[in-house]
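A quick write-up on the structure given underneath.
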Amino acid sequence: MPRFSNAAALEWLRDGNQRFLERVKADEHRPADLVRGQDPEAVVLGCADSRVPPEIVFDVGLGELFVIRVAGGVANTASIASVEYAVTQLGTRLVVVLAHEKCGAVSAAIQGGDAGRNLNRLMEYIEPAVQRCHEGDVNDVARMNAKLNAERLVAESEILREAAESGDLRIATAFHRFTTGAVEFD
Ligand SMILES: [Zn+2]
């Protein structure tokens, strides 16, 4: 459980932003460059899990990575549209669908049952991986889920399919072990 009350958590965020402002003032984040625009080198479609922030895992700075995070890293209408934006408007040429170990969303999909309207809808995106991988553990299902959601990106987006078929866009999958920090690319 979190340590803080909601009011204390808000203060904790304010304090964190004050520390960040000091680093911006020291020009560590090149704010002038960021005002000009963004040229992210890759898109990461990953999970909302607090242990797997792509900018930290890949050791990159502001403006360098276009990150879409949703529980289970699923390719739904909103996340596919976000990938399309990066590819068509920003010219990004690489998409990585990033799974991770001990994923709570994947565990919930394996467990099944009624989780309420919205979570149930989310589970539908992960369910195919559970069915394809019923002998496997949560990490096997998470890897399969990344592969199937990578396939969904091209199956459900004409823009991404054409970009991938022309060779302008590569869509990769990877698995992040937060216990070691390592990312294993497939
Ligand atoms: Zn997760």
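Overview of values
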| read-out | value |
| --- | --- |
| Count - residues of region 87-137 that are among the small types (Gly, Ala, Ser) and away from the ligand (no atom under 12 Å from the Cβ) | 7 |
| Some residue of region 9-19 being of a type in the set (D, E, K, R), more than 30 Å from VAL106 (Cβ to Cβ) and in a loop (DSSP other than H, G, I, E, B) | no |
| VAL43 being within 16 Å of the ligand (Cβ to nearest atom) and modelled with pLDDT of 95 or more | no |
| Qualifying residue in region 27-43 (condition: within 22 Å of LEU122 (Cβ to Cβ) and not in a helix (DSSP H, G or I)) | yes |
| Hits in region 62-86 (condition: within 16 Å of the ligand (Cβ to nearest atom) and at positive phi) | GLY72, GLY73 |
| Residue match in region 164-179 (condition: open to solvent by 40 Å² or more (accessible area, probe 1.4 Å), under 24 Å from PRO53 (Cβ atoms), of a type outside the set (Val, Ile, Thr) and within 14 Å of the ligand (Cβ to nearest atom)) | yes |
| Residue that is of a type in the set (Gly, Ala, Ser), out of contact with any helix residue (DSSP H, G or I) (no Cβ under 7 Å at 6 or more places or on another chain) and in contact (Cβ under 8 Å) with a residue 40 or more places away in the chain, where the choices are ALA8, ALA42 | ALA42 |
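The values are calculated or read from the model by the stated rules, or taken from the named source; none is laboratory data. As the structure is a prediction and not an experimental result, all values here were calculated from the model. Neighbour counts are summed over all protein chains in view; Cβ atoms, including those assigned to glycine, are modelled from backbone coordinates with ideal geometry. Areas reflect the complete protein model, heavy atoms only, side chains present, ligands, DNA and RNA absent. Shrake-Rupley method; radii C 1.70, N 1.55, O 1.52, S 1.80 Å.
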